[in-house]
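Student: The structure under discussion is supplied below as structure tokens; questions concerning it will follow.
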Amino acid sequence: MKSQVAIWEFFYEKRDIRDKKIHPAVFPIGLPTKCIQLFTHKGELVLDPFVGSGTTLVAAQDLDRNAVGFDLKQDYVDLSLSRLGQTRLEGDSQQLAICDDSHNIPKYFEEETISLCVTSPPYSNMLNRPRKNKSIRGDLRKNEHYDTVQQYSDDPRDLGTMKAHPYTETLGEIYKGILPLLRPKAHCVINITDLWWENKRIPIHIYTVEVMERVGYELRNIIIWDRRNLVNKAGIFGWPNNYITLGTTFEYILDFWKPPSP
């Protein structure tokens, strides 16, 4: 019953990476942990197509699930493997990070072997611009990250370099290749948020649902990640003549699955 409430809340642990110099955008271990607990059993295989700092792999290790993560950037693969080496618990499962384009994931697995795909991909080109810290209280905006670009990489294959529609179309290409690898009714969870770009809301979560359904997935749940407990010293923007919801206070957790065979 607790998990059926479609508003989830998480807290950062000591093992979570919070330093944006190491990785510009991380999610707490609690998020993949909850998904892995809900949708898999011990010993099953979990996939993260955009592994980043390796948080999904750490959660899988904690729960004795096998897991594989992919990333374009070798530095993030090395970071993931380092974190796994620091947190090994008892168990027979294995976790692996691979430096490769997520389009190539089908080369690594047999069909219908993956029990869960869970990730937080780059949020389109959200980070590919100087930070203005508009969601932070005005007198605190000019911190060490102000007016800097905290991009993952300059690789043209990097989702973080793409505008909204090319971004979601590329997501669709990647997940189309992953679909045959999933077991029937295996879940595919994507943590994502919308963007503000040139004073317009870009509904990335809607575009993502559309493209995922087009390539064969079925939407099961839309969950709101309530991040208010993680947002400190939030500022007001848009006031007094424009109402804008503070996007840093929530994100979407889109839960799809591979439809069962008819």
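The values are calculated or read from the model by the stated rules, or taken from the named source; none is laboratory data. Please read these numbers as outputs of a predicted model, since none were measured by experiment. FYI the Cβ positions are ideal-geometry reconstructions off the backbone, even for glycines, and counts take in every protein chain you see.
Student: Has the stretch 162-179 got at least one residue that is among the hydroxyl-bearing types (Ser, Thr, Tyr), part of a loop (DSSP other than H, G, I, E, B) and either closer than 27 Å to Ser102 by Cβ or at pLDDT 80 or above (or both)?
Tutor: no
Student: Something else now. Mind listing just one residue for me: the one in the stretch 225-262 that is surrounded by 15 or more Cβ atoms within 10 Å (Cβ to Cβ) and among the β-branched types (Val, Ile, Thr) and, of those, modelled with the lowest pLDDT?
Tutor: Selected residue: Thr248.
Student: From the set of residues in the stretch 55-110 that are small (Gly, Ala, Ser) and more than 21 Å from Lys34 (Cα to Cα), which is surrounded by the fewest Cβ atoms within 10 Å (Cβ to Cβ)?
Tutor: Of everything passing the filter in the stretch 55-110, Gly85 is surrounded by the fewest Cβ atoms within 10 Å (Cβ to Cβ).
Student: Which of the numbered conditions does Lys185 fail, given that it passes all the others? Conditions: (1) modelled with pLDDT of 95 or more; (2) on the phi < 0 side of the Ramachandran plot.
Tutor: (2)
Student: Please go through the stretch 60-114 and give me each residue that is in a loop (DSSP other than H, G, I, E, B), under 23 Å from Asp16 (Cβ atoms) and among the polar types (S, T, N, Q), ordered by number.
Tutor: If we filter the stretch 60-114 for residues that are in a loop (DSSP other than H, G, I, E, B), which is where we start, we get 63-65, 72-73, 87-94, 100-101, 108-113.
Applying the additional criterion that residues be under 23 Å from Asp16 (Cβ atoms) yields 63-65, 72-73, 87-91, 93-94.
Once the filter is applied, which keeps residues that are in a loop (DSSP other than H, G, I, E, B), under 23 Å from Asp16 (Cβ atoms) and among the polar types (S, T, N, Q), the stretch 60-114 yields Thr87, Ser93, Gln94.
Student: Now a separate question. Taking the stretch 115-132 as the region of interest, how many residues are part of a loop (DSSP other than H, G, I, E, B) and either within 17 Å of Val26 (Cα to Cα) or at pLDDT 60 or above (or both)? Don't jump to the end; show me each part of the working.
Tutor: Quick first cut of the stretch 115-132, residues part of a loop (DSSP other than H, G, I, E, B) only: 120-132.
Add one more test, that the residue is either within 17 Å of Val26 (Cα to Cα) or at pLDDT 60 or above (or both), and what stays is 120-128, 131.
Residues meeting the conditions: 10.
Student: Taking the stretch 9-25 as the region of interest, how many residues are within 17 Å of Leu84 (Cβ to Cβ) and either modelled with pLDDT of 75 or more or not in a loop (DSSP other than H, G, I, E, B) (or both)?
Tutor: Here the count works out to 3.
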